[in-house]
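Here is the structure we will look at, set down as structure tokens.
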Amino acid sequence: GAGVSQTPSNKVTEKGKYVELRCDPISGHTALYWYRQSLGQGPEFLIYFQGTGAADDSGLPNDRFFAVRPEGSVSTLKIQRTERGDSAVYLCASSPNYGSRYNEQFFGPGTRLTVL
Amino acid sequence: GESVGLHLPTLSVQEGDNSIINCAYSNSASDYFIWYKQESGKGPQFIIDIRSNMDKRQGQRVTVLLNKTVKHLSLQIAATQPGDSAVYFCAEITTSYDKVIFGPGTSLSVIP
């Protein structure tokens with residue numbers, strides 16, 4: 001079956017530009033997560049959606065980062081005025097349920113963002 | 001703040017030998033721990049998990065040990081194979097079960 005997909009797989013942009021990264025979760029998964037992974041590091045939590053709403057956006061580094069999930073399925077992570085320090089792999093994960101117990105998160109392959 | 005970390009950044013083992021990857025955590029309130037495997041160009045893949053009320057859990061060729069007294073977690077891989085070469089992360093789940101906190105990772109290299 002289809003897993004979590006992310007597009008594009010690679011994105012190269014110039015400093016100051018705007019980028020959008022897309023995540024298609026596993027069908028039926030209500031929870032969706034974004035993480036950022038720098039080279040040699042573990043993924044760091046950015047934001048978590050339950051349905052259409054952002055239940056926890058405490059990991060977003062600043063107001064240049066924003067994410068939406070308007071129909072409770074596909075999500076887009078948006079980065080304004082990109083900086084070289086934003087270069088990383090952006091991972092998306094989805095899981096089937098929320099709250100009462102841990103539900104395994106299934107990760108996509110990530111989008112590698114390079115800001116020149 | 002609270003964090004999860006690893007003792008060894010790299011580990012090389014001979015094919016067929018057993019591998020042990022270690023992890024120290026600092027949040028004594030964590031209820032759930034997971035080991036992930038990440039191959040190059042892919043997202044993390046769940047390997048095995050353990051709850052804080054357990055001290056050992058076994059899977060297929062993998063065993064996770066939890067020592068809450070010293071806040072230590074380990075992953076044992078039996079009869080390591082070339083396909084086991086990857087970066088391994090330990091991670092803890094927040095008590096609200098809504099996000100995974102990853103450690104920095106250990107790179108496992110299997111020598112044929």
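The values are calculated or read from the model by the stated rules, or taken from the named source; none is laboratory data. The structure displayed is predicted, hence computed values, not measured ones. Positions of Cβ are generated from backbone atoms using ideal geometry, with glycine treated the same way; all protein chains shown enter the neighbour counts. For the accessible areas, the whole protein counts, side chains as well, though only heavy atoms, and no ligand, DNA or RNA atoms are used. Shrake-Rupley method; radii C 1.70, N 1.55, O 1.52, S 1.80 Å.
Quick notes on this structure:
- Scanning region A:96-116 for residues that are away from chain B (no Cβ under 14 Å) and surrounded by 17 or more Cβ atoms within 10 Å (Cβ to Cβ) gives A:L113, A:V115.
- Qualifying residue in region B:88-95 (condition: under 18 Å from B:S109 (Cβ atoms), open to solvent by 20 Å² or more (accessible area, probe 1.4 Å) and in contact (Cβ under 8 Å) with a residue 40 or more places away in the chain): no
- Scan region B:16-46 for residues that are in a strand (DSSP E or B), within 13 Å of chain A (Cβ to nearest Cβ) and either of a type in the set (G, A, S) or surrounded by fewer than 20 Cβ atoms within 10 Å (Cβ to Cβ) (or both) and the total you get is 3.
- Subset tally (residues that are open to solvent by less than 80 Å² (accessible area, probe 1.4 Å) and either out of contact with any Asp or Glu (no Cβ under 9 Å at 6 or more places or on another chain) or closer than 11 Å to A:V4 by Cβ (or both)) for region A:75-87: 4
- Failed item in (1) surrounded by fewer than 21 Cβ atoms within 10 Å (Cβ to Cβ); (2) of a type in the set (F, W, Y); (3) within 15 Å of the chain's Cα centre (by Cα), with A:Y18 passing the rest: (3)
- Of the strands (runs of 3 or more DSSP E) contained entirely in region A:1-49, not one carries at least 2 residues that are in contact with a helix residue (DSSP H, G or I) (Cβ under 8 Å, 6 or more places away or on another chain) and at pLDDT below 95.
- Residue count for region B:47-67, restricted to those that are open to solvent by less than 30 Å² (accessible area, probe 1.4 Å) and not polar (S, T, N, Q): 6.
- With respect to the conditions (1) away from chain B (no Cβ under 14 Å); (2) surrounded by fewer than 17 Cβ atoms within 10 Å (Cβ to Cβ); (3) within 20 Å of B:D98 (Cβ to Cβ), A:R69 lacks only one, and its number is (2).
- Check on B:L75, more than 14 Å from chain A (Cβ to nearest Cβ), modelled with pLDDT of 95 or more, open to solvent by less than 10 Å² (accessible area, probe 1.4 Å) and in a strand (DSSP E or B): yes
- Residues (of a type in the set (G, A, S) and closer than 18 Å to B:V100 by Cβ) located in region B:33-84: B:G43, B:S52
- One residue stands out in region B:78-87 among those that are closer than 17 Å to B:E39 by Cα and assigned to a loop (DSSP other than H, G, I, E, B): the one that is least open to solvent (accessible area, probe 1.4 Å), namely B:T80.
- Restricting attention to region B:96-110 and to residues that are more than 10 Å from chain A (Cβ to nearest Cβ) and open to solvent by 10 Å² or more (accessible area, probe 1.4 Å), the residue that is farthest from A:G40 (Cα to Cα) turns out to be B:V110.
- None of A:A93, A:A54 is open to solvent by 20 Å² or more (accessible area, probe 1.4 Å), part of a strand (DSSP E or B) and closer than 21 Å to A:V4 by Cα except A:A54.
- Of the residues making up region A:75-95, one or more are more than 13 Å from the chain's Cα centre (by Cα), within 14 Å of chain B (Cβ to nearest Cβ) and touching a residue at least 60 places away in the same chain (Cβ under 8 Å).
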